[in-house]
Amino acid sequence: MNPNEPSDSRTEWTIADAKHYYGLKHWGGANFSVDTNGYLMVHPHGDSATIRIHDIVTEALSKGHKLPLTIRIQDLLRTRVVRLNQLFAQAIEEENYAGRYRGVFPIKVNQLREVVEEIQDAGSPFHYGFECGSKPELMIALAMHKDVESLIICNGYKDDAFVRLALSGRRLGKSIFLVVEQLSEVRRIIQLSKETGVRPLIGFRIKLATAGEGKWASSSGENAKFGLTSPEVIDAARRLKRAGLGDCLQLIHFHIGSQVPNIQTIKKATVEASRFYCELSKLGFPMRYLDVGGGLGIDYDGSRSNFESSMNYTLREYTRDVVYNIKSICQDAEVPPPDIISESGRAIVAPHSILITEVCDRISKTSVAPRASATTKCNPLIRDLRAILNNSHNSSPLERYHDAQQKIEEANNLFNLGYLPLKEKADADALYWAICRELVPSGEASTYAPEELESLPRVMAEQYVCNFSVFQSLIDHWACDQLFPVAPLHRLNEKPTVDATLVDITCDSEGKISKFTDVEDVRHSLRLHPLKPKEPYYLGVFLVGAYQDIMGDLHNLFGRVDEVHVFLEDDEEDGFYIEDSIKGFTINDVLGFTQYDGHLLTRMMKKQIDRATKADQIKPREGTRMLDEYAHLLKGPTYLSEDKQRQRRTKKQP
Ligand SMILES: *Cc1c(COP(=O)(O)O)cnc(C)c1O
């Protein structure tokens, strides 16, 4: 048996096993699957039109792109927009609801122009609008917005310029709402409306008593930084009336945080906000819209539970519950039902984007096998460890583990006291790790593993070094332990045999993925395939389209990765084409962000090289070569990249 592979009695492995193990049926829904050759497939519309993700990578590489790579499946983005709008329309019809759905896309969740354009295009039949939370986002929304039937919702803190910008939008005939987040904004809006002579459309964000749930729960509740309390609502409403702007107040808004795992939280919040809506309506304000904010989740682990990386409801259930609860509260209060707005960002954009990385190395405790026995004058300690490895005494796994523990402790003590030379310590360590490797429980449900051995898979897991930065591409995994599904793009018809965690190429020990999605629990290692020499091994990290791109940072100056935008295309043999691509940052780019100037640095290098040449430390030709290389690298990628001559060929697969 290969000492690097965990033992496992069952040898056959099927595509179904792969789908099950990597959770594709769960988090992937109708959008991801595996073909008979073991390749990961994306189904952008959830139907039979598919793209092999490995083909996209091959094509991107042939176009000169480098890994890591972000792949955007634009058709999948469209599917999500259409689905949300259709499900709301369906719920409205089923409930015989008298209002409409007028969704908006919150730009902050993914601001990339190509993403926003695609969403706008897919949403145009539904009059899908924009939500913005800052001046730059409002400037995007204002300029791109064409359909006067669709809404622009302005949340977030606002200064005079922000309010003025929104008022000019009103002058252009747009339905643009200023949502009041705090009392001081009411005064500002009243004053600027007077100054400009433009009547605004106004909404109130309510600070709900309903506490949020999940990782981003602090967006709501009494200590939230946004929203008006009920006395403030009354005060603000009175001020508007007094200023003659009473009829501008038409919208109630709430947002209980992102990725709300529990549908009960959403129902409660909807009910509470509907009550505010009805009361304001009864106070004589011409209320028209109820905005239920974001929070619609993504089932990252596929468990359909109220675990923080999951959600215990479906998109359909969400739309029905929102519509139903608003309807019943309004019915009871005899208030005409509002048009419903949702600001679902994560649910729209998360699925369309995939991060591709290549495993470029591995770190293993058993990379060097124990030396064959040197029988003569062998240290008794080593002899004992070897006996445990060979199981000469026919002991139980737990017994062997205990014996090995004892021996390795002895070895460490002897080494520290100066009685064990380094060579023999190396023998002892190698034997110890080989024993631990053998004792890793097989993971088969049928075999019972004693508790003390349960941590062994984690301890013995290999580390696969992947060419990417967690801080740039998966910031929420580092910052708030958010889990993303990970799976190989190919070889899924082969049995994976290596328990591994993933480490990135930053010089930061936190730059790693050591928690993985699982339907039942969190996994602490992921079973992957052994690396083959001269054959790249690609991993995909999925559902990364929301928030990650823009919140990523420049830790270690890696920065933005290459990116391709993929469309389905019947006429192409492999079913797709790459329309746009965006280059990641060059070294020169990231140096610029930290106030360095590439030319200046090159000149500083030249001075030193000239000096060394004059001093005969280096030959002139060598000096020129060094300088050329330096200047050339400035234009190159920040991530690991193979030398041209040594580059491994990736052939198109059958
Ligand atoms: C961030 C944010 C959203 C988007 O939330 P998701 O959970 O991603 O849908 C919507 N509305 C407001 C006010 C926000 O701040």
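Just so you know, all these numbers are worked out from the coordinates, no wet-lab data involved. All of these numbers come straight from a predicted model, not from anything done at the bench. Here Cβ is always computed from backbone atoms with ideal geometry, including for glycine, and neighbour counts include all displayed protein chains.
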| said: What does the extension gain come out to for D361 and D571, with contour length at 0.36 nm per residue minus their alpha carbon separation? | reply: 71.8 nm
| task | At most 11 other Cβ atoms within 10 Å plus a DSSP loop assignment makes a site exposed; report the longest stretch of the chain without any exposed trypsin sites (Lys or Arg not before Pro). | result | 378-533
| Using alpha carbon centroids, what distance separates the range 36-87 and the range 513-541, in Å? | 20
| Long-range amide H contacts for D553: which residues qualify at under 5 Å (H placed 1.01 Å from N, peptide plane, sequence gap of 5 or more or a different chain)? | Q472
| task | For the range 349-361, take each phi angle, set θ = phi - 60°, evaluate the Karplus expression 6.51 cos²θ - 1.76 cosθ + 1.60, and give the result in whole Hz per residue in order, putting x for glycine and proline. | result | 9, 4, x, 6, 10, 10, 9, 10, 9, 10, 6, 10, 6
| Calculated FRET efficiency, E195 and T314, Cβ-Cβ r, R0 41 Å, to nearest 0.05? | 0.30
| note | For the range 547-617, listing chymotrypsin sites (Phe, Trp or Tyr not before Pro) in a DSSP loop whose Cβ sees at most 15 other Cβ atoms within 10 Å gives Y596
| remark: Rounded to one decimal in Å, the inverse mean reciprocal Cα-Cα distance for the range 499-654, i.e. its Kirkwood radius, is 20.0
| query | If you stretched the chain out fully between R625 and D521, how much longer would it get, using 0.36 nm times the residue separation minus the C-alpha to C-alpha distance? | reply | 32.0 nm
| query | Any idea what angle helix 230-242 forms with the longest principal axis of the chain, computed on alpha-carbon atoms, 0 to 90 degrees, nearest 10? | reply | 40
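Between R304 and S124, how high is the FRET efficiency from 1/(1 + (r/R0)^6) when r is the Cβ-Cβ distance and R₀ = 35 Å? Nearest 0.05. Spell out each step's value before the answer.
Working: r = 32 Å, r/R0 = 0.92.
Computed FRET efficiency for R304 and S124: 0.60.
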| request: Report the GluC sites (Glu not before Pro) located in the range 260-356 that are in a DSSP loop and have at most 10 other Cβ atoms inside 10 Å of their Cβ, or state none. | output: E334
| task | Go ahead and run the numbers for FRET between M604 and D508, Cβ-Cβ distance against an R0 of 22 Å, rounding to 0.05. | result | 0.20
| field | Simple label model, 7 Å out from Cα along Cβ direction - Y596 to E334, nm | value | 7.4
| remark: Candidate cut points under chymotrypsin sites (Phe, Trp or Tyr not before Pro) in the range 117-219, DSSP loop plus at most 16 other Cβ atoms within 10 Å of their own Cβ, are Y157
| Within the set K512/K583; K194/K327; K207/K267; K158/K268, which residue pairs have Cα atoms separated by over 26 Å? | K194/K327; K158/K268
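With +1 assigned to the C-beta of every Lys and Arg and -1 to the C-beta of every Asp and Glu, and no other charges, what is the dipole magnitude of the chain about the Cα centre in debye, to the nearest 20?
So the magnitude is around 1840 debye.
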| remark: Within the under-15-Å Cβ sphere about Q111, not counting Q111, Lys/Arg +1 and Asp/Glu -1 give a net charge of -2
| task | Quick one: divide the alpha-carbon radius of gyration of the range 380-457 by 2.2 N^0.38 Å and tell me what you get. | result | 1.16
| query | What is the distance in Å between the Cα centres of the range 391-454 and the range 269-315? | reply | 54
| task | Would you tally the net charge around D361, using a Cβ to Cβ cut-off of less than 13 Å, leaving D361 out, and scoring K and R as +1, D and E as -1? | result | -3
| task | Mind listing the long-range amide H neighbours of E462? Cut-off is under 5 Å, sequence gap 5 or more, other chains count too, H placed in the peptide plane at 1.01 Å from N. | result | D499, A500, T501
